[in-house]
Amino acid sequence: MRWQDPLIFLSATSVAIAVAQPIAVQAQGISYDCSGQLQRGDRVLESDGSLYDICEFEAQAGQSISITLESVDFDTVLAVIDSEGNLLASNDDIDENTTNSALTVTFPADGIYRLIVNAYDAEGSGGYILSATGSGDIQKPINQPRENTQMAISSGETAAQFYNRYQRNPGAIPIPDCATRTSKLTRSEIQQVLLEHNRSRKDADRYVPNGLPPLPAVIWNCDAAAVAQQWADQSRGSQGHSANAWRQQQFSNRTGLQGGAAKLGENLAWSGGSDRSVVSSVVSSVTRWDDERKDYNHNTQACQGVCGHYTQMVWRESTAIGCGIYRGPVRWPGGDRTWPEGYFLSCTYHNAGNFNNDNPLIDHPDWYYD
């Protein structure tokens, strides 16, 4: 059993990292569901190279939870350990007919515990759904949840599948509860931003090199959105791009990711005028980023103008986005004029894109994100 030895976990990471969406505090008991994804850039178990996510939380003695981990993409392994790395419970397969996992655990004492979502083998990756029910209250994680847990859709979906599913009804696009708490965009604006990004990625599939799969869907990430919103509030659009190191540090503080794994890409947009009637919609700014495709040659990676917004949108590994907005008088940093009405839109991307003038649609090397 892979989680028998606590040293396996303790040797695999040097810091405590919360990587699952917070379990809601409910007086009547726990009822919790979240979608997530194991993907390149996640933590790796040293013993066998398999990917894993973690959620660190507080629980009280006597509390019990039943947890189910499901995936159509990989063989799941589920485990619960205490803060010392001692195993409380684990499960590989529920039965011989499924590769999903389920377990029930009763916490022996007040303290900090860790829930681990793990792939059975080193090749395992893709989307998962984690569900928990039980008695008592479990407090939110000690550390901020990391990137790939605050997801609104079933990860592993392609951009084309996402767009085709929701193009006629963007209001049905699910977003995490934290989305409108960490960003000042409205729910509808967030849904439109997601739809437009996935439309752009769907359209780029025609240029994907032979042998590679279609581009994966972009999903909403609350930690990335919080960084974008912080920059929007702080700069109000007057300073242009935030510093790469600043974004990286802010995202690292929220997620526990280190080094290149914490880097964020960034797209910015301004819209303003004498009154609100001439201010464009938020999604129109995203559309203008996509319009740069007409100046970009996918065969040569040459650009006749500005193309960086577009290439960031379709960068293969940039599968999580979060945006923030400042509304009010805005000043374009390239000039002296201030518009009395308008907005400044800041969007951040994980993983960061636009490395080395690479083709954005290829499978990029791991070291880009180390």
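Every read-out reported here was derived from the displayed coordinates using simple, explicitly stated rules and does not represent laboratory data. Since we're looking at a predicted model, the values are computed, not measured. Positions of Cβ are backbone-derived with ideal geometry, glycine not excepted, and every protein chain shown enters the neighbour counts.
Some points to look at:
- FRET E, pair Q304, N356, Förster distance 30 Å, beta-carbon r, rounded to 0.05: 0.90
- Net charge, C303 excluded, C-beta distance under 9 Å - Lys, Arg +1, Asp, Glu -1: -2
- Cα-based shape type of the range 159-369, given that a ≥ b ≥ c are square roots of the gyration tensor eigenvalues and the cut on a/c is 1.5: rounded
- Linear extension gain, R206 paired with S64, 0.36 nm per residue minus alpha-carbon span: 46.1 nm
- Put a plus charge on the Cβ of each Lys and Arg, a minus charge on the Cβ of each Asp and Glu, and nothing anywhere else: the dipole of the range 77-135 about its Cα centre is then about 240 debye.
- Table column - 3J(HN,Hα) (Hz), the range 361-370, Karplus curve with 6.51, -1.76, 1.60, x for Gly and Pro: 9, 7, 8, 7, x, 4, 5, 4, 10, 8
- Put a dot 7 Å past the Cα of N297, heading toward its Cβ, do the same for A122, and the two dots end up 4.0 nm apart.
- Working note: Karplus 6.51/-1.76/1.60 with θ = phi - 60° gives the range 305-313 the couplings x, 10, 10, x, 5, 5, 5, 5, 4 Hz, where Gly and Pro are set to x.
- The value of relative contact order for the range 234-370, using C-alpha pairs under 8 Å at least six residues apart, is 33 percent.
- Using a simple spin-label model with pseudo-atoms 7 Å out from Cα toward Cβ, E84 and D336 lie 7.0 nm apart.
- Gain in span if fully extended, S280 to T186, counting 0.36 nm per residue against the direct Cα distance: 32.3 nm
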